1. Could you pull out the GluC sites (Glu not before Pro) across segment 33-101 that fall in loop regions by DSSP (anything but H, G, I, E, B) with no more than 15 other Cβ atoms inside 10 Å?
2. What fraction of the DSSP beta bridges in segment 68-172 is antiparallel, stated in percent and rounded to the nearest 5?
3. Kindly flag which residue pairs out of Lys52/Lys151; Lys52/Lys116; Lys72/Lys135 have an alpha-carbon separation exceeding 24 Å in this structure.
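FYI, it's all coordinate maths here, none of it is from the lab. The model shown is predicted, which means the values in this text are computed figures rather than measured ones. Here Cβ is always computed from backbone atoms with ideal geometry, including for glycine, and neighbour counts include all displayed protein chains.
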Amino acid sequence: MPKQKAMMRSLSRKGTRSNRKPAVAVKLPAPAERSVCERCGALYLHESWRAKRKLALGPGETVRWTVCPACKQVEREEAQGRLLLRGKYLAEAREEIERRIANVARRAAYTQPERKIVSSEFRNGTLEVRTTSQKLAHRIARELCKAFGGKAAYNWSDDGSVDVVWTRAAER
Ligand SMILES: [Zn+2]
């Protein structure tokens, strides 16, 4: 993976349109190595955010406290993924479904701290779960289908965000 990254970087450097940096690089300057998110404990190391790990510091080395991009996204309530859960079965098994969603999110965060739940709200028979990344919304929907059955319909927008509607009619 790092090899691929390095190659992509060298390719983009070779590009003639040198002012066209990838959107992410323009938007978010990379944090310093060994930055630690003061909210979720994610650690920025070797150019990516990782879940909280043990970190050995050499003499003179120190961590820098910051707030990671995903936590900032949660604060701004900015979602790239949205799940809408509907159907009779939701009313019957909402607690179990919510527990499952929390579980999936926890497991995802273990390896990818940038994937978080922004909000979860039940209103008028629909559970709306918003996530920082469309991949997490996708993964949750997949796990719901696996665990409870039902159907998931995906709708991607031009900006890369996704709406997923998961429905299941009633008890099997
Ligand atoms: Zn964080």
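1. Here the GluC sites (Glu not before Pro) that fit, given the DSSP loop and packing criteria, are Glu33, Glu38, Glu47, Glu61, Glu77, Glu78.
2. Counting only bridges with both partners in segment 68-172, antiparallel ones make up about 75 percent.
3. Pairs exceeding the cut-off: Lys52/Lys151.
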